[in-house]
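Trainee: Please find one structure pasted underneath; my questions will follow.
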Amino acid sequence: MIGVRAKSRFPASAYRDAAVAFMQDLARESDTRPELAYWLQPDTPDMPTLWIGEAQLLEFLRWLKHGINRPFAMLYDLSAIDERMRLVRGEREAAQPASDFTVVYHLLSFERDLFIRVKVPLSESDLRLPSITPLWPAANWYEREVWDLFGIDFAGHPHLTRIMMPQTWQGHPLRKDHHARATEVDPFSLSPHKQQVEQEALRFRPEDWGMARASEESEFLFLNLGPNHPSVHGVFRVALQLDGERIVDAVPDIGYHHRGAEKMAERQAWHSYLPYTDRIDYLGGVMNNLPYVLALEQLAGIDVPERAQTVRIMLCEFFRIASHLVFYGTFAQDLGQMSPVFYMFEDREKLFGVIEAITGGRMHPSWFRIGGLAQDLPNGWEQRVRAFIDYLPARLQEYEGMVLRNAIVRKRCRGIGVYDTAAALEWGVTGPGLRATGLAWDLRKRRPYSGYENFEFDIPAFDGGDSYDRCRVRVEEMHQSLRIIRQCLQHMPAGDYKSDHPLTTPPRKARTMEDIETLIQHFLNNSWGPVMPAGECCVPVEATKGLNSYQIISDGNTTAYRNRIRTPSFPHLQMIPQMCRDLSVSDLIAIIASIDFVMADVDR
């Protein structure tokens, strides 16, 4: 597909230069290579968005990964859009190529500190693309998810089966013509025959995954670890192929916790969807709100007051500590230490006391709003915050002696579940799992958002790439979070806690009793919710477990047309087979503990 290269507008920020430099590199190359022809979408200020044809896909992506200088080494995300019911279809087709379904590839260059988006249009009569698993092994689960939820086929995929929905499911749930509510279909009933069929569908058959039942020397044992085993941290199954205690291969099996969070976004008002975001990484609290509201604020052109940005950072870092305390305690517990988790959960309760005093909620306060915060900081917040950040460092020092300096923990974790930086990039690993390989790359430093550029903190990184270093990174991150919170305490700006923009939610009440137009605006925003301008935006953040983002597409309505949630835990679990082969089952428990995931973050 060859088209005119439209001029695009990029954010007026440090990222503009990176985006412009990339477009210049691409233009120079495509002038001499017709197979790299592209069309630049003009209305995406968040990142450069390129449309290419199906026939060009593999060559285009191969060039971005291997041919360009400062390449795009990571497949950050892969998703799709059912375009058939856009309200502003005529305007959309003027701004992008005609497409019934669009497959979207997000790529990340760590050398450029730049995300880009590559789109491929598809006709409803030919929903088929070549698999990119030969380029990025991380594409395996992403392509399975797109096939499962949209029905788009990927030729050459090694095992294109359902991943979120049961194997017996009929239809593809993220298509617009698939029902969203149970009330739209006949009441559910489970006959004895249906129960038998469903149970049989859950049976693990090694041959389906290319596994032999025996070798020349011995017969293999196949063991289900989970989906109800405490060491797998949720409803998650790993089917193990064992030769005695040695792991020959493993098949991670997800989807048991899938709740259709992306589908629910299509029928919830923009502001009423906020509590749903809390339940994605349910240990991350308001950290889940942040990428969602940042994307909407950029889409609507809302400037957030400096005070609100600083409070957001303070609360996010509190939740980073809360999440890491859960990881730290359960990591030690999975290795056989029973005491640390009780001490660390006690500290987490103290932390929740501070959060509750500020927001009124504990684990899921849903406290961020489009344009700012739900309310201002309460009187006395400084004393509660100062008391906690003065209290925690000594406790962390004590825990280091209990866990990290424990000789048994070191022997259980050193050299276990090792991968290097190159492998991490191939598999889409971000956050502490990436920094444990020696790459000190943190989005808060490299692409600051919400005011992080105003704070001093270090990026902890270790180069062992094993289960031990993944723990060490998170422990050091808690110390850095305390530094950030102390700076928030010492330099909290004065001013408003919410923007005066008319699309903030809930809208400010000023002048509602003075003129009818303001009263109507306030009433509609509280009942129907704001009407976001048509467009597309994605703002990643450095969440507790890695990079998290919401790719939001609006067709000028009160709900999202498409809301893609990219979570860090999804690609991390996909790496388990590579991390555990030729190790023992007890080693696998240490590896799973070191990944730090929650299944709601995986399954959504």
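The values are calculated or read from the model by the stated rules, or taken from the named source; none is laboratory data. Keep in mind it's a predicted model, so treat the numbers as computed, not measured. Reconstructed Cβ throughout: ideal geometry from the backbone, glycine too, with neighbour counts over all protein chains shown.
Trainee: Does the stretch 48-56 contain at least one residue that is more than 16 Å from E111 (Cβ to Cβ), free of Cβ contacts under 8 Å to residues at least 60 places away in the same chain and buried (at least 18 other Cβ atoms within 10 Å of the Cβ)?
Mentor: Yes, some residue in the stretch 48-56 is more than 16 Å from E111 (Cβ to Cβ), free of Cβ contacts under 8 Å to residues at least 60 places away in the same chain and buried (at least 18 other Cβ atoms within 10 Å of the Cβ).
Trainee: In addition: Is it the case that H233 is over 16 Å from the mean Cα position of the chain (by Cα), crowded, with 23+ Cβ neighbours inside 10 Å and either touching a residue at least 24 places away in the same chain (Cβ under 8 Å) or assigned by TED's automatic domain parsing to the domain that holds C537 (or both)?
Mentor: Working: over 16 Å from the mean Cα position of the chain (by Cα): yes; crowded, with 23+ Cβ neighbours inside 10 Å: no; either touching a residue at least 24 places away in the same chain (Cβ under 8 Å) or assigned by TED's automatic domain parsing to the domain that holds C537 (or both): yes.
Taking the combined requirement at face value, the residue does not satisfy it.
Trainee: Checking the conditions here, which among L299, L294 is in a helix (DSSP H, G or I) and either within 23 Å of I358 (Cβ to Cβ) or touching a Lys or Arg at 6+ places or on another chain (Cβ under 7 Å) (or both)? Don't jump to the end; show me each part of the working.
Mentor: Numbers: L299 fails: either within 23 Å of I358 (Cβ to Cβ) or touching a Lys or Arg at 6+ places or on another chain (Cβ under 7 Å) (or both).
So the residue among L299, L294 that is in a helix (DSSP H, G or I) and either within 23 Å of I358 (Cβ to Cβ) or touching a Lys or Arg at 6+ places or on another chain (Cβ under 7 Å) (or both) is L294.
Trainee: Further question: For the stretch 123-143, what are the residues that are among the hydrophobic types (A, V, I, L, M, F, W, C) and in a loop (DSSP other than H, G, I, E, B)? If you could, list the steps in order and put the result at the bottom.
Mentor: The initial filter retains those residues of the stretch 123-143 that are among the hydrophobic types (A, V, I, L, M, F, W, C), namely 127, 129, 132, 135-136, 138-139, 141.
Within the stretch 123-143, L127, I132, L135, W136, A138 qualify.
Trainee: Being outside the structural domain of T44 (by TED's automatic domain parsing), over 16 Å from the mean Cα position of the chain (by Cα) and either within 30 Å of N526 (Cα to Cα) or buried (at least 22 other Cβ atoms within 10 Å of the Cβ) (or both) is the requirement here; does G301 meet it? Break it down into steps so the answer makes sense when it comes.
Mentor: Numbers: outside the structural domain of T44 (by TED's automatic domain parsing): yes; over 16 Å from the mean Cα position of the chain (by Cα): yes; either within 30 Å of N526 (Cα to Cα) or buried (at least 22 other Cβ atoms within 10 Å of the Cβ) (or both): yes.
In short, yes.
Trainee: Which one of the conditions (1) within 30 Å of Q375 (Cβ to Cβ); (2) under 17 Å from the mean Cα position of the chain (by Cα); (3) modelled with pLDDT of 90 or more does R279 fail to meet, given that it meets all the rest?
Mentor: Of the numbered conditions (1) within 30 Å of Q375 (Cβ to Cβ); (2) under 17 Å from the mean Cα position of the chain (by Cα); (3) modelled with pLDDT of 90 or more, the odd one out for R279 is (3).
Trainee: Moving on. Among D113, D43, which is out of contact with any Asp or Glu (no Cβ under 6 Å at 6 or more places or on another chain), charged (D, E, K, R), touching a residue at least 24 places away in the same chain (Cβ under 8 Å) and on the phi > 0 side of the Ramachandran plot? Spell out how you get there, then give the answer.
Mentor: On the way: D43 fails: on the phi > 0 side of the Ramachandran plot.
Checking each option against the conditions leaves just D113.
Trainee: Quick check on G431: is it buried (at least 22 other Cβ atoms within 10 Å of the Cβ), in contact (Cβ under 8 Å) with a residue 12 or more places away in the chain and over 20 Å from the mean Cα position of the chain (by Cα)?
Mentor: Working: buried (at least 22 other Cβ atoms within 10 Å of the Cβ): yes; in contact (Cβ under 8 Å) with a residue 12 or more places away in the chain: yes; over 20 Å from the mean Cα position of the chain (by Cα): no.
It is false that G431 is buried (at least 22 other Cβ atoms within 10 Å of the Cβ), in contact (Cβ under 8 Å) with a residue 12 or more places away in the chain and over 20 Å from the mean Cα position of the chain (by Cα).
Trainee: Within the stretch 149-188, which residues are of a type in the set (S, T, N, Q) and surrounded by 11 or more Cβ atoms within 10 Å (Cβ to Cβ)? Steps first, answer last, please.
Mentor: Within the stretch 149-188, the subset of a type in the set (S, T, N, Q) is 161, 167-168, 170, 183.
Residues satisfying the conditions are T161, Q167, T168.
Trainee: Hey, another quick one. Taking the stated definitions as given, is L75 under 30 Å from P206 (Cα atoms) and in contact (Cβ under 8 Å) with a residue 60 or more places away in the chain? Let's see the steps before the verdict.
Mentor: Numbers: under 30 Å from P206 (Cα atoms): yes; in contact (Cβ under 8 Å) with a residue 60 or more places away in the chain: yes.
So L75 fits the description; yes.
Trainee: So if I check each of V341, V304, which one is part of a loop (DSSP other than H, G, I, E, B) and in contact with a Ser or Thr (Cβ under 9 Å, 6 or more places away or on another chain)?
Mentor: Working: V341 fails: part of a loop (DSSP other than H, G, I, E, B).
One residue alone meets the criteria, V304.
Trainee: Sticking with this one: Here are some residues: I459, I553. Which one is at pLDDT 90 or above, in contact with a helix residue (DSSP H, G or I) (Cβ under 8 Å, 6 or more places away or on another chain) and either in the same structural domain as W441 (by TED's automatic domain parsing) or closer than 30 Å to P42 by Cβ (or both)? Give the derivation first.
Mentor: Values: I553 fails: in contact with a helix residue (DSSP H, G or I) (Cβ under 8 Å, 6 or more places away or on another chain).
After ruling out the rest, the residue left standing is I459.
Trainee: From the list R312, R320, R307, exactly one residue is over 22 Å from the mean Cα position of the chain (by Cα) and either hydroxyl-bearing (S, T, Y) or closer than 30 Å to H501 by Cα (or both). Which is it? Full working, then the answer.
Mentor: Details: R312 fails: over 22 Å from the mean Cα position of the chain (by Cα); R320 fails: over 22 Å from the mean Cα position of the chain (by Cα).
Only one candidate qualifies: R307.
Trainee: Now for a separate question. Please specify each residue of the stretch 17-31 satisfying the condition of being at pLDDT 75 or above and either outside the structural domain of G67 (by TED's automatic domain parsing) or over 18 Å from G535 (Cβ atoms) (or both). Step through it out loud before you land on a result.
Mentor: Within the stretch 17-31, the subset at pLDDT 75 or above is 17-29.
Scanning the stretch 17-31 gives D17, A18, V20, A21, F22, M23, Q24, D25, L26, A27, R28, E29.
Trainee: Name every residue in the stretch 332-368 that is within 22 Å of the chain's Cα centre (by Cα), of a type in the set (A, V, I, L, M, F, W, C) and either more than 25 Å from G234 (Cα to Cα) or surrounded by 20 or more Cβ atoms within 10 Å (Cβ to Cβ) (or both), in order of residue number.
Mentor: Once the filter is applied, which keeps residues that are within 22 Å of the chain's Cα centre (by Cα), of a type in the set (A, V, I, L, M, F, W, C) and either more than 25 Å from G234 (Cα to Cα) or surrounded by 20 or more Cβ atoms within 10 Å (Cβ to Cβ) (or both), the stretch 332-368 yields W367, F368.
Trainee: Related question: Go through the stretch 400-425 and give me each residue that's surrounded by 23 or more Cβ atoms within 10 Å (Cβ to Cβ), of a type outside the set (A, V, I, L, M) and not in a loop (DSSP other than H, G, I, E, B).
Mentor: Once the filter is applied, which keeps residues that are surrounded by 23 or more Cβ atoms within 10 Å (Cβ to Cβ), of a type outside the set (A, V, I, L, M) and not in a loop (DSSP other than H, G, I, E, B), the stretch 400-425 yields only C413.
Trainee: Please verify whether the stretch 415-427 includes one or more residues that are in the same structural domain as L274 (by TED's automatic domain parsing), under 30 Å from Y76 (Cα atoms), within 21 Å of the chain's Cα centre (by Cα) and of a type in the set (V, I, T).
Mentor: There is at least one residue in the stretch 415-427 that is in the same structural domain as L274 (by TED's automatic domain parsing), under 30 Å from Y76 (Cα atoms), within 21 Å of the chain's Cα centre (by Cα) and of a type in the set (V, I, T).
Trainee: For G371, state whether it is at positive phi and either surrounded by 23 or more Cβ atoms within 10 Å (Cβ to Cβ) or more than 24 Å from the chain's Cα centre (by Cα) (or both).
Mentor: Working: at positive phi: yes; either surrounded by 23 or more Cβ atoms within 10 Å (Cβ to Cβ) or more than 24 Å from the chain's Cα centre (by Cα) (or both): yes.
For G371, the condition - at positive phi and either surrounded by 23 or more Cβ atoms within 10 Å (Cβ to Cβ) or more than 24 Å from the chain's Cα centre (by Cα) (or both) - is met.
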